[in-house]
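Data block below; observations after.
The values are calculated or read from the model by the stated rules, or taken from the named source; none is laboratory data. Computed from a predicted structure; not experimentally measured. So basically every Cβ, Gly included, is an ideal-geometry build from the backbone, and we count neighbours across all protein chains shown.
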Amino acid sequence: MGVRELAEILADAAGGVFPPPDGSVTVVPQPSPRDTGVVSFAAHAVVFTDEDPAWVHATLAADPGDPLSAPLCPPFLTAFARRAGRAVNNIDLLSVADRLPGEPPLPLVEVEDRGHPRVVRALHHREDVRVFTAGGGVLILGRGVAGRWECAVEVDPRSRGRGLGRALATAARHLLPEGAVVWAQQAPGNAPSVRAFQAAGYRPVGAEALLVPGRP
């Protein structure tokens, strides 16, 4: 593939153009000091780190398991986290959706208080954060890994089962700048979340594990 930036690889994937499914691993620089980890597409993984690429390839080669799955398996992620002085976050399903024109499908109230707990928490992972509430649900939108637009939704347990998660995920698509796409991560075991985002038009493109600072 040659030397590429993670943002370029993600932009291509959002448009349906993926790295070659040849079983190889591409190592690219971290897009920021905050963001390091692995994105895995079909038979091709991208490791974004400022660690020595030779170390990445040697560590993966030492794993006797399936080389296609090795970049997201515990032996490599544990070694990667130890070397980077970080902790492995969830291994998430990574999905993406295009912008939609017009107004969101439900009324949203933006949280203006920058000291609001959900805003403060989101700012650890994203910039340009906006937080909205809507009748038992919360929508978080901001720029995350490699500057991509990312969204997350939270639905109060008492409001579940009514399509609110799907509506909030759809609403994020209406809040984007012209020409942008929005990314979302879902824990594979959280089937209601996976179904909600797919019902809102998000396309699965791969899996992702981020290494996060600030944990023992």
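Against the condition of a type in the set (Gly, Ala, Ser) and in contact with a Gly (Cβ under 7 Å, 6 or more places away or on another chain), how does residue 159 come out, does it pass?
On the way: of a type in the set (Gly, Ala, Ser): yes; in contact with a Gly (Cβ under 7 Å, 6 or more places away or on another chain): yes.
Answer is yes for this residue.
Taking only the stretch 156-196 into account, find how many residues are within 21 Å of residue 16 (Cα to Cα) and small (Gly, Ala, Ser).
5
From the list 99, 143, 121, pick out the single residue that is under 14 Å from the mean Cα position of the chain (by Cα), under 25 Å from residue 200 (Cα atoms) and not assigned by TED's automatic domain parsing to the domain that holds residue 46.
On the way: 99 fails: under 14 Å from the mean Cα position of the chain (by Cα); 121 fails: under 14 Å from the mean Cα position of the chain (by Cα).
Residue meeting the stated conditions: 143.
Confirm whether residue 62 is modelled with pLDDT under 95 and either over 30 Å from residue 141 (Cβ atoms) or in contact with a Phe, Trp or Tyr (Cβ under 6 Å, 6 or more places away or on another chain) (or both).
Numbers: modelled with pLDDT under 95: yes; either over 30 Å from residue 141 (Cβ atoms) or in contact with a Phe, Trp or Tyr (Cβ under 6 Å, 6 or more places away or on another chain) (or both): yes.
Criteria met by residue 62.
Can you tell me how many residues within the stretch 25-48 are surrounded by fewer than 23 Cβ atoms within 10 Å (Cβ to Cβ) and out of contact with any helix residue (DSSP H, G or I) (no Cβ under 7 Å at 6 or more places or on another chain)?
Qualifying residue count, the stretch 25-48: 9.
Of the conditions (1) at pLDDT 95 or above; (2) within 23 Å of residue 31 (Cβ to Cβ), residue 124 satisfies every one except a single condition; which number is it?
So the condition that residue 124 fails would be (1).
How many of the residues in the stretch 1-24 are touching a His at 6+ places or on another chain (Cβ under 7 Å) and crowded, with 18+ Cβ neighbours inside 10 Å?
Count: 1.
Give all pairs with beta carbons closer than 9 Å in which a residue from the stretch 77-88 that is surrounded by 15 or more Cβ atoms within 10 Å (Cβ to Cβ) meets a residue that is in a helix (DSSP H, G or I) and of a type in the set (Gly, Ala, Ser); count only pairs at least 6 apart in sequence or on separate chains.
87/81; 88/81
Checking residue 55 against (1) buried (at least 17 other Cβ atoms within 10 Å of the Cβ); (2) more than 25 Å from residue 194 (Cα to Cα); (3) aromatic (Phe, Trp, Tyr): exactly one of these is not met. Which one?
(1)
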